[in-house]
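K.L.:
Sharing a structure with you now.
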Amino acid sequence: WVFLHHVFLFKHHLIISFIINIAIITISHVNGCFTSIFSFGDSLADTGNLLQLSLSESKKLFHFDFPPYGRTFFDYPTGRCSDGRLVIDFIAEEFGLPFLPPYFGGENGKPRNLENGVNFAVVGATALDDVFFKERGIHNPFTNASLGVELGFFKDVLPSLCSSSSDCKEFLKKSLIVMGEIGGNDYSHAFLQGKSTKEILHFVPLVVDTIASAITELIGLGAVTILVPGDLPIGCSSAYLTYFQGSDMADYDPLTGCITWLNQFSEFHNEQLQKKLDQMRKLHRNVNIIYADYYHIAMRFYHSGTNLGFTETLRSCCGGGGRYNYSALVACGDPPLTTSCKDPSSHVSWDGLHYTEATYRWISKGVLEELYAIPNTNSLCFPSTVNKQIY
């Protein structure tokens with residue numbers, strides 16, 4: 001009888017869990033939850049800031065400002081480091097909002113319509129400030145922008161959106177804040193310039209604390225819903241695989257072909273970030289702090305890519321040749337030496353460092369629909385689930 005009782009309870013638990021999950025999935029497509037989105041970050045989120053800066057300051061354009069970038073969706077380069085849309089674009093679409101304009105651009109170098117949000121992300125941006133890297137002999141080839149600089153942009157914009165502290169809190173209550181991804185460049189600039197893993201590991205708590213400080217400042221200004229992506233599996237990146245090519249075979253995961261110790265580094269960053277976010281949730285119980293598990297969403301591409309439509313998981317679509325179609329000397333967009341695949345949607349990697357639109361679509365689906373976010377993403381629109389996790 002005791003055994004049957006446990007079986008009954010187990011089945012009852014399964015049924016309840018099934019009903020809960022069905023309910024969650026049913027309500028996952030909800031538009032109108034937010035009136036605006038504000039995005040921070042680096043090249044994974046930049047929708048044109050570095051491009052606009054280069055044009056306005058008569059600087060040399062970067063390789064991602066030329067075709068075939070943008071070919072899949074926009075038909076021309078937009079400053080996005082992909083063949084099409086990014087995760088932030090899909091998030092905006094999900095909530096019925098227009099694509100976020102870059103902070104730089106429009107009249108007088110600034111966007112005209114701010115009501116639906118602004119994108120402050122800049123290609124190459126780091127969490128830690130530029131001085132930190134210069135002191136350690138690490139060069140940022142793209143920008144001196146950091147998370148603190150982007151936060152400054154946000155504070156410059158805020159007075160045009162609300163007139164008082166209470167007014168701003170009311171405005172930001174209806175806004176979604178997307179914190180990146182940010183922090184990846186703090187590590188990649190160092191790794192790809194030959195710094196040791198031991199030295200770079202010391203960056204992790206500093207990066208995490210910087211992200212946490214920015215979140216705290218945004219909460220003070222009135223933000224109540226903040227999506228915080230984790231780091232991606234850098235050991236599967238075409239750029240890293242090329243840079244560390246020739247490593248000991250024991251360093252590679254036989255199932256995926258990714259470099260295990262590099263992925264473990266990403267996991268370490270993500271573990272530290274999640275611990276910090278857990279601490280922050282206890283301090284700010286009325287704020288919805290959501291961790292977006294980019295790492296485990298992305299790992300599905302390398303474990304079962306064919307099930308998701310990918311025939312190439314490690315070799316980039318556009319690049320300068322070689323085993324992974326990536327070269328630090330000949331980048332995608334540098335004609336005539338680079339090659340671009342026929343169908344970007346069959347590739348996980350676009351240019352070795354960034355993903356294809358197809359990949360970004362899957363990541364956004366993972367965040368918004370498949371409950372990889374912690375707590376689940378539906379808490380964006382349903383305050384009763386704030387800081388709770390449903391298994």
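The values are calculated or read from the model by the stated rules, or taken from the named source; none is laboratory data. Just so it is clear, the model here is predicted, and its values are computed rather than measured. Glycine gets a Cβ as well: all are built from the backbone with ideal geometry, and neighbour counts include every protein chain shown. Just so you know, the surface numbers come from the protein's heavy atoms only, side chains and all, with ligands and any DNA or RNA stripped out. Shrake-Rupley method; radii C 1.70, N 1.55, O 1.52, S 1.80 Å.
K.L.:
With the requirement that a residue be within 16 Å of PRO102 (Cβ to Cβ), surrounded by fewer than 21 Cβ atoms within 10 Å (Cβ to Cβ) and not small (Gly, Ala, Ser), what does the stretch 116-133 give you?
P.N.:
ASN116 - this is the single residue of the stretch 116-133 that is within 16 Å of PRO102 (Cβ to Cβ), surrounded by fewer than 21 Cβ atoms within 10 Å (Cβ to Cβ) and not small (Gly, Ala, Ser).
K.L.:
Ok, one more. Under 7 Å between Cβ atoms, which residue pairs at least 6 apart in sequence (or on different chains) link something in the stretch 317-337 that is over 22 Å from GLY79 (Cβ atoms) and assigned to a loop (DSSP other than H, G, I, E, B) with a partner that is open to solvent by 10 Å² or more (accessible area, probe 1.4 Å) and among the basic types (Lys, Arg)?
P.N.:
TYR324/ARG315; ASN325/ARG315
K.L.:
Next question, about the same structure. Tally up the residues in the stretch 239-267 that are within 22 Å of the chain's Cα centre (by Cα) and of a type outside the set (Ser, Thr, Tyr), please.
P.N.:
10
K.L.:
With the requirement that a residue be farther than 14 Å from LEU218 by Cβ and out of contact with any Gly (no Cβ under 9 Å at 6 or more places or on another chain), what does the stretch 168-182 give you?
P.N.:
LYS174
Quick grid of which residues meet (1) buried (at least 23 other Cβ atoms within 10 Å of the Cβ); (2) part of a helix (DSSP H, G or I); (3) at pLDDT below 95; (4) not acidic (Asp, Glu):
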site: LYS342; (1), (2), (3), (4): no, no, no, yes
site: ASP351; (1), (2), (3), (4): yes, no, no, no
site: ALA358; (1), (2), (3), (4): yes, yes, no, yes
site: SER379; (1), (2), (3), (4): no, yes, yes, yes
site: SER384; (1), (2), (3), (4): no, yes, yes, yes
site: ILE390; (1), (2), (3), (4): no, no, yes, yes
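K.L.:
Tell me yes or no: at least one residue of the stretch 88-111 is in contact with a helix residue (DSSP H, G or I) (Cβ under 8 Å, 6 or more places away or on another chain), within 18 Å of VAL207 (Cβ to Cβ), surrounded by fewer than 24 Cβ atoms within 10 Å (Cβ to Cβ) and without any contact (Cβ under 8 Å) to a residue 60 or more places away in the chain.
P.N.:
Among the residues of the stretch 88-111, not one is in contact with a helix residue (DSSP H, G or I) (Cβ under 8 Å, 6 or more places away or on another chain), within 18 Å of VAL207 (Cβ to Cβ), surrounded by fewer than 24 Cβ atoms within 10 Å (Cβ to Cβ) and without any contact (Cβ under 8 Å) to a residue 60 or more places away in the chain, which makes the answer no.
K.L.:
Further question on the same structure: Of everything in the stretch 55-70, what is of a type in the set (Ser, Thr, Tyr), closer than 24 Å to LEU86 by Cα and in a loop (DSSP other than H, G, I, E, B)? Give them in sequence order.
P.N.:
The answer is TYR69, and nothing else.
K.L.:
Still on this structure, I have one more. Considering only residues that are out of contact with any Lys or Arg (no Cβ under 9 Å at 6 or more places or on another chain) and charged (D, E, K, R), look in the stretch 134-143 and name the one that is surrounded by the most Cβ atoms within 10 Å (Cβ to Cβ).
P.N.:
LYS134
K.L.:
Just give me the residues in the stretch 46-87 being under 20 Å from VAL149 (Cβ atoms), among the polar types (S, T, N, Q) and open to solvent by less than 20 Å² (accessible area, probe 1.4 Å), in sequence order.
P.N.:
THR47, ASN49, SER54
K.L.:
Would the stretch 351-360 turn up any residue that is among the acidic types (Asp, Glu), in contact (Cβ under 8 Å) with a residue 40 or more places away in the chain and in contact with a Gly (Cβ under 9 Å, 6 or more places away or on another chain)?
P.N.:
yes
K.L.:
Quickly run through the stretch 199-209 and pick out the residues that are open to solvent by less than 10 Å² (accessible area, probe 1.4 Å) and either among the β-branched types (Val, Ile, Thr) or outside any helix (DSSP H, G or I) (or both).
P.N.:
ILE200, VAL204, VAL207, VAL208, listed by residue number.
K.L.:
Moving on to the next point. Give the number of residues within the stretch 217-257 that are small (Gly, Ala, Ser) and assigned to a loop (DSSP other than H, G, I, E, B).
P.N.:
Total meeting the criteria: 7.
To keep it simple, each residue is scored yes or no on (1) open to solvent by less than 70 Å² (accessible area, probe 1.4 Å); (2) within 22 Å of THR242 (Cβ to Cβ); (3) not β-branched (Val, Ile, Thr).
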{"residue": "ALA145", "(1), (2), (3)": "yes, no, yes"}
{"residue": "LYS155", "(1), (2), (3)": "no, no, yes"}
{"residue": "LEU161", "(1), (2), (3)": "yes, no, yes"}
{"residue": "ASP167", "(1), (2), (3)": "yes, no, yes"}
{"residue": "GLY184", "(1), (2), (3)": "yes, yes, yes"}
{"residue": "SER188", "(1), (2), (3)": "yes, yes, yes"}
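K.L.:
OK, next. How many residues, within the stretch 281-313, are in a helix (DSSP H, G or I) and either under 18 Å from the mean Cα position of the chain (by Cα) or buried (at least 18 other Cβ atoms within 10 Å of the Cβ) (or both)?
P.N.:
Of the residues in that region, 10 qualify.
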